[in-house]
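The values are calculated or read from the model by the stated rules, or taken from the named source; none is laboratory data. This is a predicted model, so every value here is computed, not measured. Here the Cβ is made from the backbone with ideal geometry for all residues, glycine too, and neighbour counts use every protein chain on show. Each accessible area value is taken on the protein alone, full model and side chains, heavy atoms only, with ligands, DNA and RNA left out. Shrake-Rupley method; radii C 1.70, N 1.55, O 1.52, S 1.80 Å.
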Amino acid sequence: MIYRAIIYLLLGANLIPVCAASTHPCHSTYFDQVAIVDKVYDGDTLRLQDGTHIRIIGINAPEFAYRQRPQQPFARPAKHLVEKLLTEHGNTINLRFGTERYDRYYRTLAHVFLVDGSNLAARLLSEGLATRVAFPPNLWSQACFDQQEKRARELTLGLWGEIIK
């Protein structure tokens, strides 16, 4: 898989790679861009090496303290999981852009996939480190995201264990 990512990077970031069917939940059969992550802000916001800010579609991860707002529970574990997974995959990601491409803060809206094909949002949801959110028209994979969140709820993982206590 890492060789495929290197080839995509060498051929150009706008190449649309096709991957075989995956065993990963919420997988995609195509991507719009291959990119390198430079910084992880929190569980749902990244900065790419080219300076582009990515807001991951379909999830809301706990927020760090900001201005007058306190840090939310599980903000650190969510960020650490994203950093760990990215490090394991050489900080290379595949992006599938949303139908609506930008949010009100001018961040690029995208589904983020690791080079092994796993969906980063699905992973955070399944660990209970994010909640599912749906903003039309970016509704791709919402049924799958719902399943991942329900699994975490049933197992009282992460946020769902905190809420139940």
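Per-structure values
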{"item": "The range 71-92 residues that are under 18 Å from Asn119 (Cβ atoms), paired with ones that are among the aromatic types (Phe, Trp, Tyr) and open to solvent by 20 Å² or more (accessible area, probe 1.4 Å) (beta carbon under 8 Å, 6 or more apart)", "result": "Lys79/Tyr41; Lys79/Phe64"}
{"item": "Test: Leu129 is open to solvent by less than 20 Å² (accessible area, probe 1.4 Å) and aliphatic (A, V, I, L, M)", "result": "yes"}
{"item": "Single residue of the range 78-98 satisfying the filter (not in a helix (DSSP H, G or I) and not small (Gly, Ala, Ser)) that is farthest from His27 (Cα to Cα)", "result": "Asn91"}
{"item": "Complete set of residues in the range 118-165 that are outside any helix (DSSP H, G or I) and among the acidic types (Asp, Glu)", "result": "Glu127"}
{"item": "Arg104 vs. criteria surrounded by fewer than 19 Cβ atoms within 10 Å (Cβ to Cβ) and either modelled with pLDDT of 95 or more or not in a strand (DSSP E or B) (or both)", "result": "yes"}
{"item": "Condition met for Gly98 (small (Gly, Ala, Ser), touching a residue at least 40 places away in the same chain (Cβ under 8 Å) and open to solvent by less than 80 Å² (accessible area, probe 1.4 Å))", "result": "yes"}
{"item": "Test result for Val112, free of Cβ contacts under 8 Å to residues at least 60 places away in the same chain, under 13 Å from the mean Cα position of the chain (by Cα) and crowded, with 21+ Cβ neighbours inside 10 Å", "result": "no"}
{"item": "Count - residues of the range 63-77 that are assigned to a loop (DSSP other than H, G, I, E, B) and of a type outside the set (S, T, N, Q)", "result": "7"}
{"item": "Top-ranked residue in the range 51-95 [being of a type in the set (S, T, N, Q) and farther than 22 Å from Ala143 by Cα; ranked as most open to solvent (accessible area, probe 1.4 Å)]", "result": "Gln68"}
